[in-house]
2 protein chains.
Amino acid sequence: MTSPRVGVDLAKAYRLLNHGPTVLVSAAHDGQRNIMAAAWAMPLDFAPPKVAVVLDKATWTRRLLEASGEFALQVPTVGQVDITQALGSSSGLTMREQQGVDKFAAYGLQTFAGSVVGAPLLEGCAAWLECRLLPEPAIQAGYDLFLGEVVAAHADSRVFSEGRWHFTGHDSLRTIHHVAGGHFLVDGDTVDAKPLTP
Amino acid sequence: MTSPRVGVDLAKAYRLLNHGPTVLVSAAHDGQRNIMAAAWAMPLDFAPPKVAVVLDKATWTRRLLEASGEFALQVPTVGQVDITQALGSSSGLTMREQQGVDKFAAYGLQTFAGSVVGAPLLEGCAAWLECRLLPEPAIQAGYDLFLGEVVAAHADSRVFSEGRWHFTGHDSLRTIHHVAGGHFLVDGDTVDAKPLTP
């Protein structure tokens with residue numbers, strides 16, 4: 001089942017991550033691919049849009065990202081909370097070595113191809129950001145911190161259009177925020193700030 | 001009015017930011033102080049806990065942070081949404097030059113002293129993280145990206161204790177996530193992921 005996708009203007013791509021959702025990070029290189037969950041991701045710039053994400057040295061996704069110079073961030077929904085946690089607590093490398101399959105095959109995940117980068121994009125997410133690594137070897141090695149430029153962005157048009165999230169009526173597509181240990185907060189009400197006079 | 005505060009074990013301090021809330025960043029130097037909103041902040045490590053935050057070159061908070069080598073992140077509540085937006089869309093330097101007061105005086109903000117750093121901490125927030133700058137001049141200059149080590153952490157015990165957020169019954173203390181232009185998402189339901197077998 002595919003979700004209705006629309007392209008997101010790169011000038012608005014930061015809004016896909018501005019509210020701090022937990023993301024899934026995918027990468028592919030030389031016929032191999034992996035995907036993992038990461039709560040530590042954020043926008044880094046508006047135009048061109050950039051992102052920052054923390055990837056532990058032990059992860060296979062990091063190796064594929066470093067080898068290919070590309071990755072994708074995708075924003076999972078509350079309907080994907082179980083698979084998000086599973087992708088964040090399992091090792092794609094161990095799975096491949098012990099079972100001979102990657103996470104996509106093991107969990108029966110459907111993907112689609114990005115328009116620019118080779119990283120696989122997971123069906124059913126609320127948004128997707130295709131990124132090219134901005135190599136910064138010192139902070140990658142010292143802090144596990146990876147920076148990227150967003151080169152294409154897409155969203156499920158039912159919940160994001162014209163630069164805004166609109167989850168009302170689509171509760172299963174609300175985005176999620178990991179606290180710890182598989183416990184998540186779900187996006188709830190919206191509120192608009194009223195101007196204050198200093 | 002002061003909120004009931006408890007110290008947060010540094011090993012659990014990352015959980016104050018793990019869900020990606022919008023934060024307020026404060027800093028002080030040489031008798032001057034400022035506070036601003038920032039949606040682009042995230043944890044960077046568990047132990048010792050570290051954080052990353054993006055601060056535009058134009059901000060006075062950045063200058064005070066660079067001069068003092070210290071800052072504080074605080075997690076505002078939905079009850080503070082108006083002041084959060086005001087602190088994110090006004091310039092403390094302009095205010096001081098044109099009106100002779102800082103943002104704290106202009107908006108009548110109450111603060112309390114941190115236990116380690118000199119940055120003022122705003123009363124009424126859900127959590128506070130006192131941080132020492134980890135100087136990385138190249139990424140500060142190139143990406144407006146600042147890294148810090150968390151040296152003390154505190155939370156409002158009504159909504160955070162034993163390493164977990166618990167907002168039920170305290171709706172006005174729920175934390176917030178800026179989308180754009182003063183439009184925020186509020187933390188809603190909680191959900192626990194169920195284990196999946198690959």
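Bear in mind that the values in this text are calculations on the coordinates, not laboratory data. Please read all numbers here as calculations on a predicted model, not as lab measurements. Cβ atoms come from the backbone with ideal geometry, glycine included; neighbour counts cover every protein chain shown.
What to note about this one:
- Summed side-chain charge close to A:Tyr143 - residues other than A:Tyr143 whose Cβ falls under 14 Å, Lys, Arg +1, Asp, Glu -1: -3
- With a simple spin-label model that places each label point 7 Å from the Cα along the Cα-to-Cβ direction, the separation between A:Ser172 and A:Asp56 comes to 3.1 nm.
- Shape call, segment A:26-104: gyration tensor on alpha carbons, a/c limit 1.5: oblate
- Relative contact order of segment A:1-103, pairs being alpha-carbon contacts under 8 Å that are 6 or more residues apart, as %: 29 percent
- Cβ-vector label at 7 Å, B:Glu123, separations to other copies in nm: 5.6
- For segment A:131-198 versus segment B:139-174, the gap between their alpha-carbon centres in whole angstrom: 17 Å
- Of the trypsin sites (Lys or Arg not before Pro) found in segment B:1-66, those in coil by DSSP whose Cβ has at most 11 other Cβ atoms within 10 Å are B:Lys57.
- Taking only Cα atoms of segment B:1-54, radius of gyration then Dmax in Å: 13.0, 34
- Peptide B:154-164 has a mean shielding of 1, counted as Cβ atoms of other protein chains within 10 Å of each residue's Cβ.
- Counting charges near B:Arg5 (Lys, Arg +1; Asp, Glu -1) among other residues having Cβ under 11 Å from its Cβ returns a value of -1.
- Per-residue mean of foreign Cβ neighbours for A:171-182 is 5 (Cβ atoms of other chains, 10 Å radius).
- Calculated mean residue ellipticity at 222 nm for chain B: -5000 deg cm²/dmol, from DSSP H runs with n ≥ 4 weighted as -39500 (n - 2.57), summed, divided by the residue count and rounded to 500.
- Position A:Ser89: other-copy label points at 4.1 nm, ordered by increasing distance, label point 7 Å along Cα→C-beta.
- Distances from A:Pro195 to itself in the other copies, using label points 7 Å out along the Cα-Cβ axis, amount to 5.6 nm in increasing order.
- Over segment B:5-186, relative contact order from alpha-carbon pairs under 8 Å, at least 6 apart, %: 28 percent
- Three-way shape call for segment B:148-198 based on the alpha-carbon gyration tensor, with the a/c threshold at 1.5: rounded
- Cα gyration tensor shape for the protein assembly as shown, rounded if a/c is under 1.5, else prolate or oblate: prolate
- Charge context of B:Leu185, other residues only, Cβ under 15 angstrom, K/R +1, D/E -1: -3
- Across segment B:5-186, the volume of the C-alpha convex hull divided among the residues equals 106 Å³ per residue.
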